[in-house]
Amino acid sequence: MRQFDHQRPHPARMYDYMLGGKDNFAVDRQAIDQLAELIPEAVPLARANRAFLQRAVRYVSRAGVDQFLDLGAGLPTQGSAHEVAPEARVVYVDHDPVVAAHATALLRHSPGRARFVQADLLDPGAVLAGAGEFLDLDRPIAVLLVSILHFLPDSADPQRAVAVLRERAAPGSHLVITHATTMADLEDEERGRGVRRGSSGRGGTDRSPGQIRAFFGDWPLEPPGLVQATDWRPDRPKLVGDWSLPSSLMAGVGKKVR
């Protein structure tokens, strides 16, 4: 198995640490601790993002979907889809060969329920070919695009890749997305202003709510629509005095109607 370089922080291990996992090294913990000093909401936001994924997986499971395709998955740890929906079959996809090797090892105890495919989201044909060896693509699936699309600039044409996934998905399939925006984008959307786009600081692009909604194509959004991640079907209502994340992470779940 290809090994992580334990002397350099890696995004997949850093995210694992933010979620409270153990598949990380001291260099990853140090990097996140430094990040948290600069951006105090970074760790709570990562956990809110994972909490949304878990709520969405439970919601889709209750709708009868028992197959998941998680793109840009990183390491499948700390409440990933196959843990939230233990009766489902899950394919995790990431293009990083080192992540793929480590993730495959982590999934060795779930051979009949979860599998890892090394492929690039921007090559949906390869993604579907790999996923189709484990999932029945003639039946509904849930495609998870959680905190991945904002890493992809418009020049990479992620809209095309997602459109292929929507086209190939069977009726009854769901599309689960979280995507970064900015408070300026949210304010512009509320005021009915034009499109605003800028660098996300993550090597990709923050997009307006309207641009994020476009990733769903003509798939209707399940209630409550495209909202901030913490507001999508929360496990409990907000209480007076609850701390609110200064979050501009949007979340939504769409369904392909028959």
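The values are calculated or read from the model by the stated rules, or taken from the named source; none is laboratory data. None of these values were measured; they are calculated from a predicted model. Cβ atoms come from the backbone with ideal geometry, glycine included; neighbour counts cover every protein chain shown. Areas reflect the complete protein model, heavy atoms only, side chains present, ligands, DNA and RNA absent. Shrake-Rupley method; radii C 1.70, N 1.55, O 1.52, S 1.80 Å.
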What ranking, highest mean first, results for peptides 69-81, 32-44 when packing means the other Cβ atoms within 10 Å averaged over each residue? 69-81, 32-44
Where the accessible area of the stretch 30-105 is counted over protein heavy atoms with a 1.4 Å probe, how much of it, in %, is carbon and sulfur? 52 percent
Whole-Hz ³J(HN,Hα) from phi, Karplus 6.51 cos²θ - 1.76 cosθ + 1.60, for the stretch 46-62, glycine and proline x: 4, 6, 5, 5, 5, 5, 4, 3, 5, 5, 5, 5, 5, 4, 5, 4, 5
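Counting Lys and Arg as +1 and Asp and Glu as -1, each charge on the Cβ, what is the dipole of the stretch 36-109 about the Cα centre in debye, to the nearest 20?
Details: 7 positive and 8 negative charges, 56 e Å.
With Lys and Arg at +1 and Asp and Glu at -1, about 280 debye.
To the nearest 20 debye, what charge dipole does the stretch 9-140 have about its Cα centre, counting +1 at the Cβ of each Lys and Arg and -1 at the Cβ of each Asp and Glu?
On the way: 13 positive and 17 negative charges, 95 e Å.
I would put it at about 460 debye.
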Cβ-based charge dipole, the stretch 49-167, positive-most Cα from LEU145, PRO111, ALA161: PRO111
Over the Cα atoms of the stretch 5-141, each weighted equally, I'd like the Debye log10 I(q)/I(0) at q = 0.13, 0.14, 0.17, 0.19 Å⁻¹, rounded to two decimals. -0.58, -0.66, -0.95, -1.13
Send over a whole-number figure in Å² for the accessible area per residue of the stretch 59-110, probe 1.4 Å. 37 Å²
